[in-house]
Amino acid sequence: MTALHEAAPAKVNLYLHVVGRRDDGYHLLDSLAVFPPVGDLLRAAPAATLSLAVDGPFGAALAAESDNLVLRAARALAGQAGVVPRAGLVLTKNLPVASGIGGGSAD
């Protein structure tokens, strides 16, 4: 396997309206979102175990702990694929943490 690089773009909701509720309890939304040409970057390379390092201008504000969304997603993907998660992940945080511009959900 070769190293992978994937952009995780910012998402800005220009408007977001709750227009109802589904039978399962989730809300129905009407939204207009744009994706500016900035975002985080996620890199993955083969490794003996699953690990995460966080760098970038906003990296210090985010811990690479076991409950990090990137690690949770990697473990879930490996579980669905029936494989042991073995990747060295590096998340370059170019978007501010908890700023509401979609960095965490995109990562």
Subtract the Cα-Cα distance of VAL18 and ALA73 from 0.36 nm times their separation in residues, and report this length gain in nm to one decimal.
-> 17.1 nm
Which of rounded, prolate, oblate describes the stretch 1-43, given a ≥ b ≥ c as roots of the alpha-carbon gyration tensor eigenvalues and a/c under 1.5 marking rounded, otherwise prolate only if a/b is larger than b/c?
-> oblate
Calculated from the structure, semi-axes √(5λ) of the Cα gyration tensor in Å equals which of [x] 26, 18, 10; [y] 27, 23, 16; [z] 28, 19, 12?
-> [z]
How high is the FRET efficiency from THR2 to SER99, r the C-beta distance, R0 30 Å, rounded to 0.05?
-> 0.40
Residue separation between ALA48 and ALA33 times 0.36 nm, minus their alpha-carbon distance, gives in nm 1.5 nm
Residue farthest toward the positive end of the dipole of the stretch 4-106, with Cβ of Lys/Arg at +1 and Asp/Glu at -1: which of HIS27, PHE58, ALA47?
-> ALA47
Taking the Cα centre of the chain as origin and charging only Cβ (+1 Lys, Arg; -1 Asp, Glu), how large is the dipole, in debye to the nearest 20?
-> 120
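Throughout, read-outs are computed from the coordinates displayed, never taken from laboratory work. Being a predicted model, the structure only gives us computed values, none of them experimental. FYI the Cβ positions are ideal-geometry reconstructions off the backbone, even for glycines, and counts take in every protein chain you see.
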